[in-house]
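Data block below; observations after.
All of the numbers you see were taken from the coordinates with simple rules; none came from a lab. Just so we're clear, the structure is a prediction, and the values are computed from it rather than from any experiment. Don't worry about glycine lacking a Cβ; one is built from the backbone with ideal geometry, like all the others, and counts go over all protein chains shown.
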Amino acid sequence: GRAPLLKLKNSVATSRNIVERIAAGLELREKQWDADTAFREDVKDTLDRQEQKSNHQVSVLVENLIAAYDRVTLEKESELAEGLSFFSLLKRSFASMFSRNASVKDWLDGLAKGLETDLQLGLQSKLDAGVLDLADSIQQMAKMIDLKIQNSQTILKNNHDVFAAIAERRSMVLRELQESFANFLQRGENFTDRELFPDKTAISPSVATGSGLAVIGVVLAAVTHGMVFDITGGILTTIGLLFAGVTAQVKRRKILGTFQAEIAKGRLRLEREVSEKLQTYIKHIKARIDAIFDEFDYMLDQESKQIKALNIEKDQVDATLERLEAEFG
């Protein structure tokens, strides 16, 4: 009779209904995966843009430092050239017969000390101001990512009749991402990074344990605080030795040439060290933020593979059901 055939047709119809429900669920999973992937790309783009913005701030800071450095050193070079002229030296030699403080060496010593003072005043204030702006930029990068995580879109709900377990797993991963990032922003040691600045290991423990984002400016200020002195100190030592060796037979061209060479070395070192230290710090913080998404990235990768595999199986079942429906009429 037709009873077995009707039962088979009914089973095929039930199977069709189940497959359609699975297909609808798969479509939601794909939409969720697309939204999560777009969210992740948005995070990466934001990190890249903020890194470029911060690096630009570093470039502007370095330009300002170099401009101040050039202004001070050119003034001192002009003063040195004028003071080493024949008539200036003759005048000082004559004056030194009446006062011990009017000698060429005393004048050169004063010029070297003036150079040190002017460089310290001219560079450190600009460096401190630039570091505060940079710290604010890095903080904004972290805050923007935090806001994007909180506003991530949920399409596949936890109560889905087919893929509830998948939705719950995603919710758990996202919740852990939010918690991990919130903890990251609060932990000061994530931003002190002693390994990044081996010559600045004496960062105060109280700073390292402070609130995360608030620490950035303090750390950068601590790292760069002695930088001006370190860079200019070597120049001033060499120049001081050069001046100390000046005798009555002053070789004006040689002294000026050596002075200019040392100033050029200091200029290059200032530009290189400030750029490298600050840009490396920015890059490192960006990498740490990006690494917090590792588990989320793994979920996206696994979800992509599962969706692809399930779609293949669904298409195979669809083809089988179509063949059976054709056979059963």
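Side notes on the structure shown:
- Two-decimal log10 I(q)/I(0) for region 253-325, as the Debye equation yields it once each C-alpha is a single scatterer, q = 0.13, 0.15, 0.24 Å⁻¹: -0.70, -0.77, -1.01
- Using θ = phi - 60° in the Karplus curve 6.51 cos²θ - 1.76 cosθ + 1.60, the 3J(HN,Hα) couplings for region 119-125 round to 5, 4, 5, x, 9, 5, 5 Hz; x is entered for Gly and Pro.
- Amide N of region 114-146 lying under 17 Å from the label point, which is placed 7 angstrom from the Cα of ARG71 along Cα→Cβ: 115-130
- Once the chain from ALA319 to LYS305 is taken as fully extended at 0.36 nm per residue, the excess over their C-alpha distance is 2.9 nm.
- Taking trypsin sites (Lys or Arg not before Pro) across region 116-197, the ones in a DSSP loop with at most 15 further Cβ atoms lying within 10 angstrom of their Cβ are LYS157.
- Gained length - GLU79 relative to HIS56, 0.36 nm times residue gap less alpha-carbon distance: 4.8 nm
- Other-chain or far-sequence residues with amide H under 5 Å of ARG187's (modelled H): GLY212
- Computed from backbone phi, the HN-Hα couplings of region 37-43 come to 5, 5, 4, 5, 5, 5, 4 Hz, rounded to whole numbers (Karplus: 6.51 cos²θ - 1.76 cosθ + 1.60, θ = phi - 60°; Gly and Pro given as x).
- From phi via Karplus (6.51, -1.76, 1.60), per-residue ³J(HN,Hα) for region 24-36 in Hz, x at Gly/Pro: 5, x, 5, 5, 5, 4, 5, 5, 5, 5, 4, 5, 5
- Modelled spin labels at LEU268 and LYS148, positioned 7 Å past Cα toward Cβ, are 3.9 nm from each other.
- Within the same chain, lysines fewer than 8 places from LYS305 are excluded, and of the rest, those with a Cα less than 27 Å from its Cα are LYS31, LYS44, LYS148, LYS157, LYS314.
- Rounded to the nearest 20 debye, the dipole size of region 138-188 about its Cα centre is 120 debye, using +1 on the Cβ of Lys and Arg and -1 on the Cβ of Asp and Glu.
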